[in-house]
Amino acid sequence: MAEIIDGKLLALKVKDKLKSKVVEFKNKYGRDIVLSVVLVGDNPASQVYVRNKLKATEYVGMKSLSFVLPENASENQVAETVKSLAVDKGVDGILVQLPLPKGIDERKILKLIPPEKDVDGFLAENVGKLMLGEETTVACTPFGVLTMLKENNIELSGKNAVVIGRSNIVGKPMAMLLLKENCTVTICHSKTVNLKEMCSNADILIAAIGKPLFVTADMVKPGAVVIDVGINRTEKGIVGDVDFENVKEKVSFISPVPGGVGPMTIAMLLENTYLCALRRENC
Ligand code: GUN
């Protein structure tokens, strides 16, 4: 029976540590740390995410600026909002909640964010720095997963890590982070042949494929560490990419959904905002 990695508890620990770092920052630099959030349209999941992000910002003592634009906002309107935040000296971080409504070019909008305010770590400059092993802002979800592994003292060096999913915001940066920790990394995806065999060789298995209960017990190595990044809305509520009930009997560590990676992603967004503010003061 596996040890369950409690993401909610760990996220609280990260946020509580951050609380005192935010106070120190204020004392040292005489100003607040400010995160701006841009939400376009009425995607219900995005609304929930943004609400939780704003609540968490307040919890750690940072200030937030929230910009809500209608579903039919033009690309130009969204661009102007981001441009004004880009030049605002009082703003440390800019988060444009994705996905944007159809007809708005996401890459074009994201490119308007200065890399030093890119708290999501989505921009080419920050992704490139991650690849080069330079200090940078790392996308919140993979950063959260790495923190979960490290805080549980899970040995990474020399281990076989398999990442299922190759998205720009999870799979690819996750692979880079694990490589930096000296894992032997394999990225699998929907076209991978022998996916089951690949997974059953993993000491560390990260599921980020977006298919409900995709990873079954017969796919995992006994004693492996399994982190579930999936958030799938089904008739039975929100489920992960891993068949938690059966897989947990076979592995050494497993993260649940909900209460695993989700809360960590928000905690790391705040950590990233703090790090951006600190770098802006010290550049
Ligand atoms: N939509 C889903 N996940 C994310 C995220 O991490 N950041 C942003 N900006 N939008 C998202």
So which residues in the range 232-283 are open to solvent by less than 40 Å² (accessible area, probe 1.4 Å), touching a helix residue (DSSP H, G or I) at 6+ places or on another chain (Cβ under 6 Å) and over 18 Å from Thr141 (Cα atoms), if there are any at all? Val247
Going through Ser84, Ser64, Ser46, Ser36 one at a time, which residue ends up being of a type in the set (Gly, Ala, Ser) and over 27 Å from Ile231 (Cβ atoms)? Ser84
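If you take the residues in the range 224-256 that are of a type in the set (Lys, Arg) and not in a strand (DSSP E or B), which one is modelled with the lowest pLDDT? Full working, then the answer.
Here is the first cut: in the range 224-256, the ones of a type in the set (Lys, Arg) are 233, 236, 248, 250.
Narrowing the set further to residues that are not in a strand (DSSP E or B) leaves 236, 248, 250.
On the way: Lys236: 90, Lys248: 98, Lys250: 98.
Per the criteria, the residue is Lys236.
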Going through the range 105-142 one residue at a time, which ones are in contact with a helix residue (DSSP H, G or I) (Cβ under 8 Å, 6 or more places away or on another chain), surrounded by fewer than 20 Cβ atoms within 10 Å (Cβ to Cβ) and of a type in the set (Asp, Glu)? Asp105, Glu116, Glu125, Glu135
Unmet criterion (only one of (1) touching a Gly at 6+ places or on another chain (Cβ under 9 Å); (2) away from the ligand (no atom under 15 Å from the Cβ); (3) not basic (Lys, Arg)) for Val138: (2)
Within the range 50-84, tally of residues that are over 20 Å from Arg107 (Cβ atoms) and among the hydroxyl-bearing types (Ser, Thr, Tyr): 4
Filtering the range 177-210 down to residues that are closer than 24 Å to Pro99 by Cα, open to solvent by 40 Å² or more (accessible area, probe 1.4 Å) and in contact with a Leu (Cβ under 9 Å, 6 or more places away or on another chain) yields His189
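The values are calculated or read from the model by the stated rules, or taken from the named source; none is laboratory data. Note that the coordinates shown come from a computational prediction; the quantities given were computed from them, not determined experimentally. Here the Cβ is made from the backbone with ideal geometry for all residues, glycine too, and neighbour counts use every protein chain on show. Side chains are part of the model used for accessible areas, which takes the heavy atoms of the whole protein and leaves out ligands, DNA and RNA. Shrake-Rupley method; radii C 1.70, N 1.55, O 1.52, S 1.80 Å.
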